[in-house]
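The values are calculated or read from the model by the stated rules, or taken from the named source; none is laboratory data. Not measured: the values here are computed from a predicted model. When we count neighbours, we look across all protein chains shown, and the Cβ atoms used for this are built from the backbone with ideal geometry, even at glycine. Ligands, DNA and RNA are stripped out before the accessible areas are found, and what is left, the full protein with its side chains, is counted by its heavy atoms. Shrake-Rupley method; radii C 1.70, N 1.55, O 1.52, S 1.80 Å.
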Amino acid sequence: MPTLLLWGAADKVNRPSGGRMRAERMPHGGLYEVANTGHWVQFERAELFNRLCADFLAGRRRTRTSSARSS
């Protein structure tokens, strides 16, 4: 099952290492660590969050693990 994980690189509630661990266990998972972002990626970086979700739903996935920056 394709799965998208969006993780704030500065998340102090759920550390980024937890996201990496989860992504490693999902053969069809994609992890995006969003720079300068805490726990609430969808609020802190709403435009980027929406773009990544739209790309994922349209089948335009990036590499398995990458770092996304707000533009």
Open item on the list: Show me the three semi-axes of the equivalent ellipsoid for the range 1-51, from the C-alpha gyration tensor (sqrt of 5 times each eigenvalue), largest first, rounded to whole Å.
Closed with: 18, 14, 7
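Find, among the chymotrypsin sites (Phe, Trp or Tyr not before Pro) in the range 1-53, those assigned to loop by DSSP (not H, G, I, E, B) with at most 15 other beta-carbon atoms within 10 angstrom. Intermediate values should be presented prior to the final figure.
Numbers: sites: Trp7, Tyr32, Trp40, Phe43, Phe49; in loops: Trp40.
Passing both the DSSP loop test and the Cβ count: Trp40.
Using only the heavy atoms of the protein chains and a 1.4 Å probe, how would Thr37, Thr3 rank by accessible area, largest first? Don't skip to the end; give the middle numbers.
Values: Thr37 0, Thr3 40 Å².
Greatest to least solvent exposure: Thr3, Thr37.
Please list His28, His39 from largest to smallest accessible area, probe radius 1.4 Å, with all protein chains kept in place. Spell out each step's value before the answer.
Numbers: His28 100, His39 65 Å².
Ranked from most to least accessible, the order is His28, His39.
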